[in-house]
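Below is one structure; the comments refer to it alone.
Coordinate-derived values only; no laboratory data. Because the structure is predicted, anything quoted here is derived from the model rather than measured. With ideal geometry, Cβ positions are generated from the backbone for all residues, glycine too; neighbour counts draw on all protein chains shown.
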Amino acid sequence: MSRTQKTPPNKALLQAILKGEVAEVRRILKDSLQLGTPAPQRRGRPARETFLMVACERGEKAIARMLIEHGGDVNAVNQLRQPSLPYATRANAVEIVSLLLASGADPNASMADGDRPLHEAVRGGIDARITRRLLKAGADPTAASHRGVTPLHLAAMQNRLDVARLLLKAGADPNHRDRYGQGPLTCAILRNNRPIVELLLKSGANPQRQPEALGVAAWEGRLGYVRELIERGWNVNSKSHQGRTPLRHAKNRRHKAVAAVLVKAGARDE
C-alpha cells in the first residue's frame, strides 16, 4: 500500500516535498490535489504556509516548478504575510528566486514587519545574485521597514560590501535614517567596516543628513573615522537623541585621543 493510500493527500504531499521526492509529488499532483489550501502546519512554523513555501525553503526547484504549474500561488502569504520569495532567499536558492519572479512573484511584497524580499536578500551569507535579480525585477532599493530600516542599513550592518554597491547603483539613499536616527554610515562605523564607510562617503553620505555618525565614531573610539568625518564637515558639537555631543561620548568612554582631536576641532563640553 502506498503512502497516499494510508495518509491524507495533503500530508502525503508535505512529506514528499520535505523528502525531495519529485516523482511522488508528481503522482500526488496528478490526482488533482487542490493547492488552494495551506499545507499542514509544522511545529514551530507560521500558520498558513503553502506547499510552495515548503518547496522553496527546501531548495527543491523541480518541485516548486510543478507546484506553480498546478496552480500554486507565488504571492500567497503565511500568517506573517511572508510570501514564497523570502523562503527561497533564506535557502540561498538563486534559481528558485528567478523562477518565482518569472512566475509573477511581487519583488516588493511587504511583510508584517514592513520588510521586503530585498531585506532578506542582503543579510549575511545570502548570494548577491539574489539581490541582483530582485533589483532587476523591480525591487525598490529605498523601501524601509516599519522601523525605518532599508536594505542598505542591513548591508552595512552585515558587512556586505558587494550588496551595498548593488543597492547604491540601483538608487539606494545613503542618508536614509531609521526611526532611531541611524543612517547606513552609522551602521558601518558601528561595525568598523572601513570599505563600506568609504563607499558611503563617496556615494553622498553627508553631515546634514547623518549628523549622529560623528557621535557614534567618538563613542566607539574610532579615531580615524572621527578625523575623516571632521575633515568632511561633520559638526563637532552636534547632539545625539540623548542630547550628548561627540566630546561627551568620548569622555564618557575615556577615549582621550578622540577627545583631544575633537577639542582641537572646536568641540565644546556640555
Between the helical axis of 9-19 and the dominant principal axis of the chain, each derived from Cα atoms, what acute angle in degrees is found, rounded to the nearest 10?
50
Positive-pole candidate from Gln15, Val226, His241, dipole of the chain, charges at beta carbon
Val226
Aspartates and glutamates within cross-link reach of Lys251: Cα-Cα under 15 Å, excluding same-chain residues under 8 positions apart?
Glu220, Asp269, Glu270
Please tell me the relative contact order of segment 92-209 in percent, rounded to the nearest whole number, where contacts are Cα pairs under 8 Å and at least six residues apart.
20
Assuming R0 = 22 Å, what is the FRET efficiency of Gln79 and Lys11, from their Cβ-Cβ distance, to the nearest 0.05?
0.65
Size of charge dipole - segment 107-209 - debye, nearest 20, with Cβ of Lys, Arg +1 and Asp, Glu -1, no other charges:
240
If R0 = 22 Å, then Asn252 and Glu198, at their Cβ-Cβ distance, give a FRET efficiency to the nearest 0.05 of 0.20
Which FRET efficiency, nearest 0.05, do Asn108 and Tyr180 yield, Cβ-Cβ r, R0 25 Å?
0.55
Does the chain classify as rounded, prolate or oblate by the C-alpha gyration tensor (a ≥ b ≥ c root eigenvalues; a/c under 1.5 gives rounded; else a/b over b/c gives prolate, otherwise oblate)?
prolate
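Going down the list Lys202/Lys264; Lys11/Lys136; Lys136/Lys239; Lys61/Lys136; Lys19/Lys169, which pairs span over 31 Å between their C-alpha atoms? Mind dumping the intermediate values first?
Numbers: Lys202/Lys264 26 Å; Lys11/Lys136 37 Å; Lys136/Lys239 40 Å; Lys61/Lys136 21 Å; Lys19/Lys169 40 Å.
Beyond 31 Å between Cα atoms: Lys11/Lys136; Lys136/Lys239; Lys19/Lys169.
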Take the alpha carbon atoms of segment 197-239, find their center, do the same for segment 7-26, and report the distance between the two centers in whole angstrom.
55
Per-residue HN-Hα couplings for segment 79-90, Karplus 6.51 cos²θ - 1.76 cosθ + 1.60 at θ = phi - 60°, whole Hz, x for Gly and Pro?
4, 8, 6, 8, x, 6, 3, x, 5, 5, 5, 4
How far apart, in nm, are the 7 Å Cα→Cβ label points at His241 and Asp127?
3.7
Under the Karplus curve 6.51 cos²θ - 1.76 cosθ + 1.60, θ = phi - 60°, whole-Hz ³J(HN,Hα) for segment 214-227, x wherever Gly or Pro sits
5, x, 5, 4, 5, 4, 7, x, 8, 4, x, 5, 4, 4
